[in-house]
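The values are calculated or read from the model by the stated rules, or taken from the named source; none is laboratory data. Values in this document were obtained by computation on a predicted structure and should not be read as measured data. Please note: Cβ atoms are built from the backbone with ideal geometry, for glycine as well, and neighbour counts cover all protein chains shown.
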Amino acid sequence: MDLLHAFSSVLIMDCTYKINRYRMPLLEIVGLTCTDLTFFMAFMYLHHENDDNFVWTLGVLRSVMDDSALPKVIVTDKELALMNVISRVFLNVTHFLCR
């Protein structure tokens, strides 16, 4: 939590698929420090990749963050449901698409 509050400007989010015995997507959220090191911030298994699951997941993340430590940039791949939810949960955030 200390790293999250100190280095919350950039968050990177990515889902991996079919890597566990239940074949559930795993959403990983990492932060980036000022020395270009990454740290795990959160990871969770999702039942389905839909807007409702992403709203809940990002809402929980948002609830543990201070208003002064909200991300300025979020980087994702082309996960459409996640892309749709980011602007609803984190207002005024810049979204970058990783190719």
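List of remarks:
- Every test in (1) in a loop (DSSP other than H, G, I, E, B); (2) at pLDDT below 85; (3) not hydrophobic (A, V, I, L, M, F, W, C) is passed by Ser68 save one, and that test is (1).
- Some residue of the range 60-71 being in contact with a Lys or Arg (Cβ under 9 Å, 6 or more places away or on another chain) and farther than 20 Å from Ser9 by Cα: no
- So Ile86, is it modelled with pLDDT of 90 or more, in a strand (DSSP E or B) and within 21 Å of Tyr17 (Cβ to Cβ): no
- Tyr22 vs. criteria in contact (Cβ under 8 Å) with a residue 12 or more places away in the chain and exposed (fewer than 14 other Cβ atoms within 10 Å of the Cβ): yes
- Just one of the numbered conditions (1) within 20 Å of Arg99 (Cα to Cα); (2) in contact (Cβ under 8 Å) with a residue 60 or more places away in the chain is not true of Asn84: (2).
- Arg62 being assigned to a helix (DSSP H, G or I) and more than 27 Å from Arg23 (Cα to Cα): no
- Residues of the range 42-80 classified as charged (D, E, K, R), touching a residue at least 12 places away in the same chain (Cβ under 8 Å) and surrounded by fewer than 12 Cβ atoms within 10 Å (Cβ to Cβ), total: 2
- Residue within the range 32-40 that is crowded, with 17+ Cβ neighbours inside 10 Å and either within 15 Å of Val75 (Cα to Cα) or without any contact (Cβ under 8 Å) to a residue 24 or more places away in the chain (or both) present: yes
- Yes/no for Val75 being out of contact with any helix residue (DSSP H, G or I) (no Cβ under 8 Å at 6 or more places or on another chain) and part of a strand (DSSP E or B): yes
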